[in-house]
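One structure is given here, and the rest of the page talks about it.
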């Protein structure tokens with residue numbers, strides 16, 4: 001049966017379009033949200049923690065609607081643009097803290113506070129938006145956010161999210177097939193942002209925090225999403241950074257990106273070259289990532 005499109009790793013065929021059209025016809029009073037939930041249930045489209053992949057499903061249905069393949073009911077409520085609303089809340093930029101210099105030991109005890117769905121999440125967003133060169137937008141899917149405190153003073157922020165679906169260097173390093181990768185990709189966490197606040201100048205702080213994160217992240221992920229993490233990964237923009245703190249924290253350099261987007265029509269470099277680094281969480285990480293549970 002011909003493949004019409006591939007969305008978030010799921011192949012959408014003509015029969016799937018017909019099924020969605022029939023689902024809409026059989027539920028004429030249902031809202032877009034309700035239809036998305038029904039489709040997730042029908043397809044058993046769930047996250048590893050058992051929750052419906054509602055946001056992903058709604059995005060798929062909207063894409064099919066805009067492409068003329070299905071006709072969704074009219075919007076009942078104009079949804080708030082969370083990105084715009086979040087940016088408006090972040091207009092009040094936190095002022096710089098007192099300048100810190102010296103060694104990690106001189107900072108005293110550091111706390112890595114997980115603030116996803118917790119107090120401190122708004123502060124995390126404001127700090128990232130104000131001081132990280134890429135800014136920050138709320139990711140979709142599984143993710144954790146950390147504020148690092150020295151006493152009562154925040155000194156750093158780290159964001160971790162779901163891993164990109166396909167990275168050639170990483171996939172060869174693990175040695176998994178496309179089928180196993182699709183089943184186990186949720187067992188990898190991607191370090192999407194790492195910010196040490198600009199007034200904090202502490203020697204070896206970055207590598208120290210990466211080491212602390214490697215010991216803490218999997219348990220926190222298990223607590224929120226009901227599964228562990230076995231491998232960490234990140235990209236380093238080679239035009240800006242050398243990746244020295246990752247190297248000092250014993251991360252493994254795998255290779256460089258080609259500098260092209262996923263849908264680049266040519267072989268020309270259109271983006272900055274990035275270095276891929278990974279960190280296995282345990283000696284049996286490959287065994288865990290290659291496991292196929294019956």
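The values are calculated or read from the model by the stated rules, or taken from the named source; none is laboratory data. Please read these numbers as outputs of a predicted model, since none were measured by experiment. Ideal geometry is used to build each Cβ from the backbone, glycine not excepted, and the neighbour counts take in all protein chains shown.
Here are the numbers for the structure shown:
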{"read-out": "Positions within the range 122-139 being assigned to a loop (DSSP other than H, G, I, E, B) and touching a strand residue (DSSP E or B) at 6+ places or on another chain (Cβ under 8 Å), in sequence order", "value": "132, 134, 136, 139"}
{"read-out": "Filter pass, residue 201 being surrounded by fewer than 21 Cβ atoms within 10 Å (Cβ to Cβ) and in a strand (DSSP E or B)", "value": "yes"}
{"read-out": "Single condition residue 70 does not satisfy, out of (1) surrounded by fewer than 18 Cβ atoms within 10 Å (Cβ to Cβ); (2) modelled with pLDDT under 95", "value": "(1)"}
{"read-out": "Any hit, the range 233-246, residues being free of Cβ contacts under 8 Å to residues at least 12 places away in the same chain and either touching a strand residue (DSSP E or B) at 6+ places or on another chain (Cβ under 8 Å) or assigned by TED's automatic domain parsing to the domain that holds residue 49 (or both)", "value": "yes"}
{"read-out": "Output for the range 95-121, where each listed residue is in a helix (DSSP H, G or I) and either in contact with a helix residue (DSSP H, G or I) (Cβ under 7 Å, 6 or more places away or on another chain) or more than 21 Å from residue 141 (Cβ to Cβ) (or both)", "value": "104, 105, 106, 107"}
{"read-out": "Within the range 18-27, tally of residues that are closer than 10 Å to residue 69 by Cα, surrounded by fewer than 16 Cβ atoms within 10 Å (Cβ to Cβ) and touching a helix residue (DSSP H, G or I) at 6+ places or on another chain (Cβ under 8 Å)", "value": "0"}
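For every residue, the table says whether it meets (1) touching a helix residue (DSSP H, G or I) at 6+ places or on another chain (Cβ under 6 Å); (2) touching a residue at least 60 places away in the same chain (Cβ under 8 Å); (3) farther than 17 Å from residue 100 by Cβ; (4) part of a strand (DSSP E or B).
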{"site": "192", "(1), (2), (3), (4)": "no, no, yes, yes"}
{"site": "208", "(1), (2), (3), (4)": "yes, yes, no, no"}
{"site": "213", "(1), (2), (3), (4)": "no, yes, yes, no"}
{"site": "218", "(1), (2), (3), (4)": "no, yes, yes, no"}
{"site": "221", "(1), (2), (3), (4)": "no, yes, yes, no"}
{"site": "224", "(1), (2), (3), (4)": "no, yes, yes, no"}
{"site": "229", "(1), (2), (3), (4)": "yes, no, yes, no"}
